[in-house]
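Enquirer: My structure is below; once you've seen it, I'll send some questions.
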Amino acid sequence: MSIQDDNILINEVLKGKISSFGLLIDKYQKPVYNLIFNMVEDEDQAKDIVQDVFIKVYEKLESFNFKHKFFSWLYRIAINDTINFLKNRKNFETLTEQNEIQEEKTTNDHKEEQRRQLHAALRELRTDHRVLILLKYFFGLSYEEISDVMKIQEKMVKARLFMAREKLREVLIKNKFFEHD
Amino acid sequence: MIDQDIIRRIYRDIDGELDFQVPAELKNFLAKNPEAEQLYRDWAKIGEKFREEKENFREVDLKQQILNKINMEKYVPSEKISFSEKMQQVFFSPRFKIGFAFVLGIFLGIFAFSILNQGVTGKKLKQQDVSGTMWDSRSYDDMVTADNILYESPMAKATFNVKYSTRLVEAHINISSLYPVKLAINFDPNAFMTFNVQNTNVNAQTTAMSSYNYVEINNVGDNQFVVLLYNKNNLSNKINFTIYQNEIPLYTNSVTINKE
């Protein structure tokens, strides 16, 4: 389904065809949920945020600018809402992460262990760096698309992503993610 | 220490942004630079892990919960209708029809009143100026008085108030008698013709009859009549009033109409 298809669906929703909004949910709920889940690391909280994001998108749909891509707009709303959520949860975050890490260390699966290490390293990144890494590697967005989502210049995207990568590798080396250590 | 530019090129390669020529050149460089090669291999591994993560995206189905929470009425389409359709709706609506009838009624009322008002408040014309018009139907008070006669005797009492216009003669008659009397009204049929006899206040014992050239009233008690005659020619003519009792004349008199 292309960007044009998204625009057609949006126009249909604005004309009162609610089923078209259902199609947009079908298309984007999975990536949005996984983006949010990888930021908040909590299934129930991620689901709550996803619902709020789509409700907000529906409410603001008449202000959508068709010059932009729908998913950029959707991801931006999702990221901003999740960042706001994380700010409110900040006081509880450290304790939660520690508990999760304790639990995850019990697994013996090598692949799963590496996965856990990757997520643990991501959690150690600044929120904006984490978002950039997720958008780039989880969702495969181009610099231009990330620029559109984050509302920052493309060269700024490149500069920040460079720092985010360096930091991520540094953390992964520290956590013995690589075999060469 | 790896050159920042080399690191950027490694990232671009991992991101798949370089063309076919550059990776070969880059790989030659990496072969000679173990530290840079390690960085390349590390990011290749990170990239692989991320791809695995992407393939293992968690499934979720929140569609129904979301649709249950949104305001379905928000984008209900408003029926857009053309200007002509809107006008048709207005003109054919019962409210408009009633309003139009009301306004039309007001205007017609004003129009009719303005016309009729002219007739009421208009300047009074002379008799000769309105000859042949409806002037004859004006009220008794506006007619010309011919005579007011009073007859009084022990047998009967009568008054004859006679007025006329160009086309009508109107006689108001009050007659009172203890015993039956007959009032005969005679006139020249070339000058007058009986038009109507109205019993304005008549008891059951009293009768009136008329023909084209006379009126006869047989009276007992107190009665009132209005006798209307058609005034045929506007020439000076007489109307005779005679009261009889047992066919014996008690009183006779005449009134001249169209006096010169």
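Enquirer: Please compute the length gained on full extension between B:E247 and B:N213, using 0.36 nm multiplied by the number of residues separating them and subtracting their Cα-Cα distance. Display every interim value, and only then the final one.
Expert: Numbers: separation 34, 0.36 × 34 = 12.24 nm, distance 1.95 nm.
Gain on stretching B:E247 to B:N213: 10.3 nm.
Enquirer: Per-residue ellipticity at 222 nm for chain B, helices alone: DSSP H runs ≥ 4 residues times -39500 (n - 2.57), over residue total, nearest 500 deg cm²/dmol?
Expert: Working: 6 runs with 89 residues, N = 260.
Roughly -11000 deg cm²/dmol at 222 nm, from the helical runs in chain B.
Enquirer: Turning to a different aspect of this structure: What distance in nm separates the simple spin-label points at A:R89 and B:E48, each placed 7 Å from Cα in the Cβ direction?
Expert: 3.1 nm
Enquirer: What angle, in degrees between 0 and 90 and rounded to the nearest 10, separates the Cα long axis of helix B:4-14 from the longest principal axis of the Cα atoms of chain B?
Expert: 70 degrees
Enquirer: Give the angle, between 0 and 90 degrees and rounded to the nearest 10, that separates the Cα long axis of helix A:154-174 from the longest principal axis of the Cα atoms of chain A.
Expert: Tilt relative to chain A: about 30 degrees.
Enquirer: While we're looking at this one, here's another question. Just the number: Rg to Rh for segment B:21-97, Cα atoms, Kirkwood Rh, two decimals. Let's see the in-between values first.
Expert: Working: Rg = 32.6 Å, Rh = 20.0 Å.
Using only Cα positions, Rg/Rh for segment B:21-97 is 1.63.
Enquirer: Let me ask you something else. Taking one equal scatterer on every alpha-carbon of chain A, how large is log10 of I(q)/I(0) by Debye at q = 0.08, 0.17, 0.20 1/Å?
Expert: Debye intensities relative to I(0), on a log10 scale: -0.29, -1.13, -1.40.
Enquirer: To continue, here is another question. Any idea what log10 I(q)/I(0) is at q = 0.08, 0.09, 0.14, 0.17 Å⁻¹ for chain B, Debye with uniform C-alpha scatterers and no solvent?
Expert: -0.67, -0.71, -1.00, -1.22
Enquirer: Quick one: if the Förster radius is 25 Å, what FRET efficiency do B:L228 and B:S153 give, using the C-beta to C-beta distance and rounding to 0.05? Don't skip to the answer; put the middle values down first.
Expert: Working: r = 27 Å, r/R0 = 1.09.
Efficiency at R0 = 25 Å is approximately 0.40.
Enquirer: Give, rounded to the nearest 20 debye, the magnitude of the charge dipole that the protein assembly as shown has about its Cα centre when Lys and Arg contribute +1 at Cβ and Asp and Glu contribute -1 at Cβ.
Expert: Values: 59 positive and 62 negative charges, 237 e Å.
Taking the Cα centre of the protein assembly as shown as origin, the dipole is about 1140 debye.
Enquirer: Next question. What does the charge count near A:A164 come to, summing +1 for each Lys or Arg and -1 for each Asp or Glu among other residues with Cβ under 12 Å from its Cβ?
Expert: +4
Enquirer: Calculate the dipole size of segment A:108-181 relative to its Cα centre from +1 charges on Lys and Arg beta carbons and -1 charges on Asp and Glu beta carbons; express the result in debye to the nearest 20.
Expert: Numbers: 16 positive and 13 negative charges, 44 e Å.
Using only the charged Cβ atoms, the result is roughly 220 debye.
Enquirer: Quick one: angle between helix B:94-121 and the longest Cα principal axis of chain B, in degrees between 0 and 90, rounded to 10, please.
Expert: The two axes meet at around 30 degrees.
Enquirer: So, R0 is 30 Å and r is the distance between the beta-carbons of A:R126 and A:K67; what FRET efficiency does that work out to, to 0.05?
Expert: Details: r = 30 Å, r/R0 = 1.01.
Step by step, r from the Cβ atoms, then E = 0.50.
Enquirer: While we're on this one: Of all accessible surface on the protein assembly as shown at a 1.4 Å probe, what whole percent is carbon and sulfur? Walk me through the numbers before you get to the answer.
Expert: Numbers: 13420 of 25740 Å².
C and S fraction of accessible area: 52 percent.
Enquirer: Place the peptides B:220-232, B:29-41 in order of packing, highest mean first, counting for every residue the other Cβ atoms within 10 Å and averaging per peptide. Numbers along the way, then the final one.
Expert: Details: B:220-232: 18.2, B:29-41: 15.2.
With the highest mean Cβ count within 10 Å placed first, the list reads B:220-232, B:29-41.
Enquirer: Sum -39500 (n - 2.57) across every DSSP H segment of at least 4 residues in chain A, then divide by the residue count to get the 222 nm mean residue ellipticity, nearest 500. It would help to have the intermediate numbers written out before the result.
Expert: On the way: 8 runs with 139 residues, N = 181.
Here the helix-only value at 222 nm equals -26000 deg cm²/dmol.
Enquirer: Let me ask another. Of A:Q114, A:A78, B:N246, which is farthest along the charge dipole of the protein assembly as shown in the positive direction, counting Lys and Arg as +1 and Asp and Glu as -1 at C-beta?
Expert: It is B:N246.
Enquirer: Check each residue of segment A:1-43 and keep those whose accessible area, probe 1.4 Å, is at least 40 Å² smaller with all protein chains in place than in the chain alone; give them in order of residue number.
Expert: Residues meeting the cut-off: A:I18, A:I25, A:Q29, A:K30, A:Y33, A:N34.
Enquirer: Normalising by the residue count of segment A:108-181, find the relative contact order in percent from Cα pairs under 8 Å and 6+ residues apart.
Expert: Values: 46 pairs, mean separation 28.6, N = 74.
Relative contact order of segment A:108-181: 39 percent.
Enquirer: If you don't mind, another one. Could you tell me the extents of segment B:136-257's C-alpha atoms along the three principal axes, largest first, rounded to whole Å?
Expert: The Cα atoms of segment B:136-257 stretch 37, 25, 24 Å along their principal axes.
Enquirer: Only Lys, Arg, Asp and Glu count, each charged at its Cβ (+1, +1, -1, -1), so figure out the dipole size of chain A about its Cα centre, rounded to 20 debye.
Expert: Details: 30 positive and 31 negative charges, 138 e Å.
Here chain A has a charge dipole of around 660 debye.
Enquirer: Determine the shielding of peptide A:46-53 by partner chains: average, over its residues, the number of Cβ atoms on other chains within 10 angstrom of each Cβ. Numbers along the way, then the final one.
Expert: Values: counts 3, 3, 2, 0, 4, 6, 2, 1.
Across A:46-53, the average partner-chain Cβ count within 10 Å equals 3.
Enquirer: Under the definition of Cα pairs under 8 Å and six or more residues apart, what whole-number percent is the relative contact order of segment A:1-91? Don't skip to the end; give the middle numbers.
Expert: Numbers: 53 pairs, mean separation 27.5, N = 91.
The value is 30 percent.
Enquirer: Another question, then. Counting only protein heavy atoms and rolling a 1.4 Å probe, how much accessible area do A and B lose on contact, total for both sides, in Å² to 100? Before the final figure, lay out each step's value.
Expert: Numbers: alone 10870 and 19100 Å², together 25740 Å².
Buried surface at the A/B interface: approximately 4200 Å².
Enquirer: Same structure, new question: Provide a whole-number value for the mean count of partner chain Cβ atoms within 10 Å of the Cβ atoms in peptide A:58-64. The partial results should precede the final answer.
Expert: Details: counts 8, 3, 0, 2, 2, 0, 0.
Going residue by residue through A:58-64 and averaging, the value is 2.
Enquirer: I've got another one for you. Among A:31-44, A:143-156, B:91-104, how do they line up from the highest to the lowest mean number of other beta-carbon atoms within 10 Å?
Expert: Put in order of decreasing packing, that is A:31-44, A:143-156, B:91-104.
Enquirer: A further question on this structure: At a 1.4 Å probe, which residues in segment B:39-60 are at least 40 Å² less accessible with all protein chains present than in their chain isolated?
Expert: Residues meeting the cut-off: B:D42, B:W43, B:K45, B:I46, B:K49, B:F50, B:E53, B:K54, B:F57, B:R58, B:V60.
Enquirer: Then there's this: In 10 Å bins starting at zero, report the fraction of Cα pairs in the protein assembly as shown per bin as a rounded %.
Expert: Computed distribution, short to long bins: 4, 14, 15, 10, 6, 4, 3, 3, 3, 5, 6, 7, 7, 7, 4, 1, 0.
Enquirer: What pairs from A:K56/A:K158; A:K158/B:K54; A:K60/A:K167 go past 25 Å between their alpha carbons? Each step should come with its number before you reach the end.
Expert: Details: A:K56/A:K158 30 Å; A:K158/B:K54 22 Å; A:K60/A:K167 36 Å.
The answer is A:K56/A:K158; A:K60/A:K167.
Enquirer: Here's something else I'd like to know. Tell me, what is the FRET efficiency for B:N258 and B:L108 to the nearest 0.05, using R0 = 56 angstrom and their Cβ-Cβ distance as r? Please report the intermediate quantities before stating the final value.
Expert: Details: r = 42 Å, r/R0 = 0.76.
The pair B:N258/B:L108 has a calculated efficiency of 0.85.
Enquirer: Express the relative contact order of chain B as a whole percentage, based on alpha carbon pairs under 8 Å and six or more residues apart in sequence. Present the calculation step by step, with values, prior to reporting the outcome.
Expert: Details: 338 pairs, mean separation 32.5, N = 260.
After rounding, I find 12 percent.
Enquirer: Would you kindly derive the ³J(HN,Hα) couplings of segment B:224-236 from the backbone phi angles with the Karplus curve 6.51 cos²θ - 1.76 cosθ + 1.60 (θ = phi - 60°), listing them in order in whole Hz, with x for Gly and Pro?
Expert: 10, 10, 10, 10, 10, 10, 7, 8, 6, 9, 6, 8, 6
The values are calculated or read from the model by the stated rules, or taken from the named source; none is laboratory data. All figures in this text were calculated on a predicted structure; none of them were measured in a lab. Positions of Cβ are generated from backbone atoms using ideal geometry, with glycine treated the same way; all protein chains shown enter the neighbour counts. Side chains included, ligands, DNA and RNA excluded: accessible areas come from the protein's heavy atoms. Shrake-Rupley method; radii C 1.70, N 1.55, O 1.52, S 1.80 Å.
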